[in-house]
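A short worksheet on the structure shown next.
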Amino acid sequence: MPDAEPGEALAARGPVETLVGDWWVVHTRSRCEKALAAALDRKGIGYFLPLTRRKRTHGGRIVWVDMPLFPSYLFLCGGADARYETLMTHRAADVIAVVDQDRIKEELRHVYRVTASNMQVDLYTGLRQGRRCRVTHGPLRGLEGTVLRRRGICRIYVGVETLGQSAELEIDPALLEVID
């Protein structure tokens, strides 16, 4: 498996933008995301596995663990051969074709930027209704997402509609502009 900094997303052969081919959503077997990513990397197949760093208690000690941002999901980049090879690892439950390739590419670019920013990211299942905004300054400049206030804290949701899930992170509302 490629070396990744804490909280960085794993991607075979570079960032999401550099991978060539059609994108597929892989529904993995339970807790097989990293093992499948390692198997795809050994086979030279492009993939994207967004990870986020979580604090866990193990044996009375606090340890940091890189966890999949979207549990039981991995994104595959390639053709029908890559899909077949993925299924033959026996770590994938299903490989789902993505109809809107432009949309998934844009969404994965956003998720890649969020996970690579090393900011605290939380998973939020189900996309929320709210205002679409764009980040105007900082490391996430240009990122678009849905903004919602919860308990007085401004948070931005970057979604992958294909999964019906989104990542959420806290952000200063002064860094946002509304998209009409």
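The values are calculated or read from the model by the stated rules, or taken from the named source; none is laboratory data. This is a predicted model, so every value here is computed, not measured. Glycine also receives a Cβ, built like all others from the backbone with ideal geometry; neighbour counts cover every protein chain displayed. Heavy atoms of the whole protein, side chains included, go into the accessibility calculation; ligands, DNA and RNA do not. Shrake-Rupley method; radii C 1.70, N 1.55, O 1.52, S 1.80 Å.
Across the accessible surface of the chain, with the other protein chains kept in place and a 1.4 Å probe, carbon and sulfur atoms take up 47 percent.
Computed from the Cβ-Cβ distance with R0 of 30 Å, the FRET efficiency linking residue 55 to residue 117 stands at 0.95.
Highest average first, the peptides 83-93, 52-62 ordered by how many other beta carbon atoms sit within 10 Å of their residues are 83-93, 52-62. Using R0 = 22 Å, the C-beta based FRET efficiency linking residue 35 and residue 84 works out to 0.75. The slack in the chain from residue 72 to residue 136, taken as 0.36 nm per residue of separation less the alpha-carbon distance, amounts to 19.8 nm. Taking all protein chains together, 33, 161 sort by accessible area into 161, 33, largest first [probe 1.4 Å]. At a probe radius of 1.4 angstrom, the accessible area of the chain per residue rounds to 54 square angstrom. Under a 5 Å amide H cut-off, with hydrogens placed 1.01 Å from N, residue 51 pairs with 9, 10, 69 among residues at least 5 apart or on other chains.
Computed extension length for residue 62-residue 161: 32.3 nm, one decimal, from 0.36 nm per residue of separation with the Cα-Cα distance subtracted.
When a/c is below 1.5 the answer is rounded, else prolate if a/b is larger than b/c, else oblate, so apply that to the range 27-180 with a ≥ b ≥ c taken from the square roots of the Cα gyration tensor eigenvalues. Taking the square roots of the gyration eigenvalues as a ≥ b ≥ c, the range 27-180 is oblate.
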